[in-house]
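Report on the following structure.
The numbers here are math on the coordinates, done by the rules we state, and not lab data. Predicted, not measured: the structure shown is a model, and the values here were computed from it. Don't worry about glycine lacking a Cβ; one is built from the backbone with ideal geometry, like all the others, and counts go over all protein chains shown.
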């Protein structure tokens with residue numbers, strides 16, 4: 001599995017995709033850093049990560065995931081992967097972790113904002129760390145949605161559109177009925193930014209991701225039979 | 001050793017591969033031959049475990065491809081059709097990645113990768129990005145990807161498509177060499193290639209095995225007649241009468257009239273009968289001088305086309321028969337109906 005993680009991560013930065021994703025996330029970060037910290041003279045970074053999770057991921061997740069399986073299928077490299085002795089579960093998880101690598105790079109860079117704030121005032125690093133932990137979990141959830149989308153098509157654009165549609169719709173659907181509130185991953189990212197690791201939120205994000213990862217594995221396995 | 005038993009692959013109502021069985025022994029090079037859409041790639045995809053068969057079993061060195069997927073896949077090096085590669089990686093990176101995917105132990109990996117790069121003649125370009133390589137080199141990279149990890153079984157799907165003649169010869173020699181250490185299945189629709197590389201040929205058509213034999217036997221089997229090309233100087237124009245003098249000759253026809261006064265004839269006789277000796281005896285007596293006599297080699301191409309066509313003809317005939325029967329039935333039914341209607345009308349009147 002390590003081989004796949006390494007290759008995926010490397011591929012992101014051999015193509016513009018990795019840079020674009022990091023760039024977009026940091027741009028969103030900077031905008032909200034200005035709005036929530038600079039403008040209001042606040043040292044509280046909690047809303048910064050919340051907004052990046054809310055707006056940044058809707059753009060970043062589809063870009064990060066659209067090529068995952070769609071491109072491999074289109075170019076045929078899928079054949080190399082699926083005829084290797086590595087199981088489909090490991091392939092899917094490997095790709096997921098590879099994409100998370102890009103998110104982690106962004107988070108590491110985002111320590112810069114904390115450095116700027118702590119230069120002016122003494123502030124606790126704990127909410128920043130829990131925000132980041134939560135951010136990794138919520139990214140996993142968003143990426144697994146995109147991964148499923150990428151596994152069902154060989155067209156990268158369609159994959160991206162499905163992912164954006166899902167992430168956007170889930171934000172509004174809860175206004176129609178509260179039944180849909182669990183579909184919206186941002187609802188599981190309320191307490192992390194304030195420094196609390198809530199079990200409900202962790203369990204919510206993990207189980208959400210689990211469902212989509214399992215579905216992706218199912219789709220890939222199913223394709224062996226019906227391909 | 002590869003054992004394919006009663007394997008069928010269906011896509012909905014379409015049967016891509018229909019109940020095929022064959023075995024490939026250790027160290028054998030077998031060619032999979034067939035026109036486009038015959039089921040070559042589907043068969044290979046099933047052997048490599050990329051897709052699952054609808055019915056039947058496939059065993060690679062005793063490991064079932066469905067029940068013992070991981071072990072079965074470990075035995076195989078696969079070079080897919082259309083050489084899929086990761087264009088953003090360098091040659092070395094790609095081959096190393098393939099080695100990792102094939103679970104080559106870390107300690108042996110570097111050495112193994114270098115060995116394979118040397119074997120496929122890629123040492124000099126190993127640090128180039130695949131995207132910038134020519135088609136021939138890409139093909140070799142794909143081959144290197146199949147070879148890495150030293151798999152016992154090699155599955156090569158159309159390995160020489162899109163190469164120039166020199167490269168084809170190189171790849172062909174490579175396959176020949178590989179056959180010494182590996183069990184190899186090569187698919188192709190270039191027949192001369194198969195006959196040079198393979199010890200045995202499996203001919204597929206429309207998902208079925210049409211023939212399994214050595215290339216030489218296939219040529220022999222499908223040969224119906226002997227064809228000779230004869231160039232002679234014939235001042236008295238006696239060639240036309242020769243046919244009546246040698247009864248084994250079925251046909252003599254002139255191919256071309258050369259400017260130097262000689263003429264080339266095509267002489268056809270039955271497959272079992274060789275008329276060359278009699279020609280040499282009789283022609284001089286008739287005052288005809290033989291300049292050249294050569295036997296036309298029945299090629300594997302002929303064999304192939306014949307096998308494929310005969311199976312197609314049978315099918316078509318059957319199908320048209322069925323269709324005709326159906327049409328006849330329908331016509332009869334319609335006539336009956338009309339009759340009944342007329343009767344009814346008559347009754348009402």
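Quick rundown of the values:
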item: Percentage relative contact order, chain B, counting C-alpha pairs under 8 Å, at least six apart; result: 17
item: Length-normalised contact order of the stretch B:156-252 in % [C-alpha pairs under 8 Å, at least 6 apart]; result: 17
item: Diffusion coefficient, µm² s⁻¹, Stokes-Einstein with Kirkwood Rh over alpha-carbon pairs of the stretch B:11-85 at 20 °C and 1.002 mPa s; result: 158
item: Stokes-Einstein D in µm²/s, Kirkwood radius over Cα pairs - the protein assembly as shown at 4 °C with 1.567 mPa s viscosity; result: 44
item: Theoretical FRET efficiency, 1/(1+(r/R0)^6), r = Cβ-Cβ of residue A:20 and residue A:171, R0 22 Å, to 0.05; result: 0.45
item: Estimated FRET transfer efficiency when R0 is 22 angstrom, pair residue B:118-residue B:196 (beta carbons, to 0.05); result: 0.35
item: Sites residue B:21 and residue B:67 - FRET efficiency at Förster radius 25 Å, r taken between beta-carbons, to 0.05; result: 0.85
item: Modelled label reach - residue A:191, point 7 Å along Cα→Cβ, the stretch A:122-146 residues with backbone N closer than 14 Å; result: A:130-131, A:134
item: Of B:304, B:94, B:14, the one that fluctuates the most in a GNM where chain B has Cα springs shorter than 10 Å; result: B:14
item: Selected from B:43, B:15, B:262 as most flexible by GNM, with chain B as the system and alpha-carbon contacts under 10 Å; result: B:262
item: The protein assembly as shown - share of DSSP beta bridges that are antiparallel (%, nearest 5); result: 70
item: Shape call, chain B: gyration tensor on alpha carbons, a/c limit 1.5; result: oblate
item: Over the stretch A:9-76: Rg over Rh, Cα atoms, Kirkwood Rh; result: 1.15
item: Kirkwood Rh, angstrom, the stretch A:2-226 [1 / mean 1/r, Cα pairs]; result: 18.1
item: Amide N proximity, the stretch B:268-283 versus residue B:238 label position 7 Å along Cα-to-Cβ, cut-off under 20 Å; result: B:268, B:275-283
item: Most mobile of A:24, A:176, A:86 in a GNM of chain A (Cα contacts under 10 Å); result: A:176
item: Whole-number Å³ per residue for the convex hull built on Cα positions in the stretch A:145-227; result: 109
item: Relative contact order computed over chain A (Cα-Cα under 8 Å; 6+ residues apart), in percent; result: 27
item: Mean-position separation - Cα centroids, the stretch B:214-271 and the stretch A:160-218, in angstrom; result: 82
item: Unit Cα scatterers, Debye sum, the stretch B:185-228: log10 I(q)/I(0) for q = 0.13 Å⁻¹; result: -0.31
item: For q = 0.11, 0.12, 0.16 Å⁻¹, Debye-computed log10 I/I(0) when each Cα of the stretch B:54-213 counts as one equal scatterer; result: -0.46, -0.55, -0.96
